[in-house]
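The values are calculated or read from the model by the stated rules, or taken from the named source; none is laboratory data. Quick caveat, the model's predicted, so the values are computed rather than measured. Every residue, glycine as well, gets a Cβ built from its backbone with ideal geometry; the counts of neighbours run over all protein chains shown.
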Amino acid sequence: MAVRWAWPLLIAALVAAGLLLAWADSTVLRGLFPYPFPDIRPRGRIRPPAVDLPLGAAAGPRLVFPGLGPTGGIYTFWWFLSAGAGIVLLVLAALVSMPARARRAAERVQPATVSLFAAAGVAAVLLVFAVSELLRATFILLSVVPFLWAVSLLAVVFGTGALALALGHWLRTRLGAAPPLLAALAAAVALVDVALVPVAGWIVLAAVAIVGLGVAVVTRLGSRGGWSLEELDW
């Protein structure tokens, strides 16, 4: 197989696998996903049958596709599809907005440093929770908590982008030359495919997010010097 066809075929296979997993999660494996909100409907009352109205109707319009379910709701095929597309777009946006920093951070991603990034990510998560509780207890600084979580989320997105770029670079050494964004796209789609695996996918996605946060913390969002306690001395 020619190298020039390897990348399109790889991405097409990853997208097809993601679509198949999203369909399986929303249909035959739907019972493995617990509903995240409590059922507050009154018991003992007869519920009217649900009616799917055509698109554009006044009361709760929903576009329904046979075998795929309605476009609205949680844990539907379209929910999994939009969530996966959102992850891919966020990863690519981080690489496009900070290319030099993302490259410097990705250069430090090695098999020997993954444990360091994971430990830093766990420490950062615990610190964010501790600071959030402290700010919530003071009440006056409660409004700072959303800002803290937003910064943490941006750090996770940046670190995940660096991981995707590093994995894409590894794929380029195996499949041949390709634009870095294309290789990172393949890595991001592969991450979404793994995340769509029931139960285990959520664990892998959480682990990647923690390691990505550790990458952002240790590399200081891809700064030239990186993180070091020696910076405290002058």
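How many residues are in contact with a helix residue (DSSP H, G or I) (Cβ under 6 Å, 6 or more places away or on another chain), of a type in the set (Val, Ile, Thr) and in a helix (DSSP H, G or I) if we restrict to segment 71-121?
Total satisfying the criteria: 3.
Scan segment 170-181 for residues that are over 14 Å from residue 99 (Cα atoms) and part of a helix (DSSP H, G or I) and jot them down.
The initial filter retains those residues of segment 170-181 that are over 14 Å from residue 99 (Cα atoms), namely 170-178.
Within segment 170-181, 170, 171, 172, 173, 174, 175 meet the criteria.
On the given criteria, is residue 128 more than 30 Å from residue 9 (Cβ to Cβ) and free of Cβ contacts under 8 Å to residues at least 24 places away in the same chain?
Numbers: more than 30 Å from residue 9 (Cβ to Cβ): yes; free of Cβ contacts under 8 Å to residues at least 24 places away in the same chain: no.
The answer is no for residue 128.
So which of 167, 148 is within 16 Å of residue 92 (Cβ to Cβ), of a type in the set (A, V, I, L, M, F, W, C) and surrounded by 13 or more Cβ atoms within 10 Å (Cβ to Cβ)?
On the way: 148 fails: within 16 Å of residue 92 (Cβ to Cβ).
Only one candidate passes the filter, namely 167.
Among the residues of segment 181-200, write down those that are at pLDDT 90 or above and over 18 Å from residue 16 (Cβ atoms).
Across segment 181-200, the qualifying residues are 181, 183, 184.
Scan segment 144-152 and give yes if some residue there is part of a helix (DSSP H, G or I) and in contact (Cβ under 8 Å) with a residue 40 or more places away in the chain, otherwise no.
Keep residues of segment 144-152 that are part of a helix (DSSP H, G or I), which gives 144-152.
Okay, now just the ones that are also in contact (Cβ under 8 Å) with a residue 40 or more places away in the chain, so 152.
Within segment 144-152, one or more residues are part of a helix (DSSP H, G or I) and in contact (Cβ under 8 Å) with a residue 40 or more places away in the chain.
Would you be able to say whether some residue in segment 153-169 is free of Cβ contacts under 8 Å to residues at least 40 places away in the same chain, outside any helix (DSSP H, G or I) and not aliphatic (A, V, I, L, M)?
Scanning segment 153-169, I find no residue that is free of Cβ contacts under 8 Å to residues at least 40 places away in the same chain, outside any helix (DSSP H, G or I) and not aliphatic (A, V, I, L, M), so the answer is no.
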